[in-house]
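A quick write-up on the structure given underneath.
What follows is calculated from the coordinates using simple rules that are stated; it is not laboratory data. Only a predicted model underlies this, so the values are computations on that prediction, with no experimental measurement involved. Here Cβ is always computed from backbone atoms with ideal geometry, including for glycine, and neighbour counts include all displayed protein chains.
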Amino acid sequence: MNKIKEKLLRLAASRGIETSYVDMNGRHRFASSKSLQLVLKSLGPRPRRRTQPVRVVWDRPPFGYRRAGKTLVISAPRKSFQGKGRDWGLFLPLYALHSSRNRGAGDLSDLKGFARWAGRQGAGGQRPYRSLALHRRGGVEWLTLDRPRQLNAIDPVMADE
């Protein structure tokens, strides 16, 4: 391999570009130099990372982020909120929920079972799909977002209840 190709491969790897793959017949295939050059050109020059001045201020409300000139000021409490009872919860997209009774994407019955299991483990504050609405059409339950401009990728959702 020549030095130019080696340099091109290193540059591609530094930008996260895959330079080879294994095809369906098990053969290792490599991207051509021309292909790598075109992909690198389309990405443009690598942006220079400049760190900005940051100052952390403890226990001075209001908490959050703000700017003081060119400095980013982060105001934070020294201790996190210490509530009573169940202080943790889980995030689980419905499509990622699997069970022995569904065909790959979870449904509302699976979510109900998962919420009960999580509750027995000590989780609290569950908010299952506050912004979703369940509609019945033709004997099938459809799960849609309240805002009509957004679509749910998992329609329809079959539910037992």
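Estimated at 0.36 nm per residue, the fully extended path between residue 32 and residue 14 surpasses their Cα-Cα distance by 4.8 nm. Approximating the spin labels as points 7 Å out from Cα along Cα→Cβ, the residue 25-to-residue 67 distance works out to 5.8 nm.
Taking the average, over residues, of other Cβ atoms within 10 Å as the packing measure, peptides 45-51, 61-67, 14-20 rank 14-20, 61-67, 45-51 from highest down. Bridging of residue 112 to lysines at a Cα separation below 27 Å is possible for 84, once same-chain residues fewer than 8 apart are set aside.
Our summary gives segment 1-61 a relative contact order of 23 percent, counting only alpha carbon pairs under 8 angstrom and 6 or more residues apart.
Hydrodynamic analysis of segment 1-113 uses the Kirkwood radius over alpha carbon pairs. Inserted into Stokes-Einstein at 20 °C and 1.002 mPa s, it gives a translational diffusion coefficient of 103 µm²/s. Run through the DSSP bridge list for segment 9-115 and note the antiparallel percent, rounded to the nearest 5. Once the DSSP bridges in segment 9-115 are tallied, antiparallel ones form about 60 percent.
Taking a straight Cα-Cα cut-off under 29 Å and skipping sequence neighbours fewer than 8 places away in the same chain, the lysines within cross-link reach of residue 41 are 3, 5, 7. Extension gain, residue 41 to residue 5, is 11.4 nm, computed as 0.36 nm per intervening residue step minus the present C-alpha separation.
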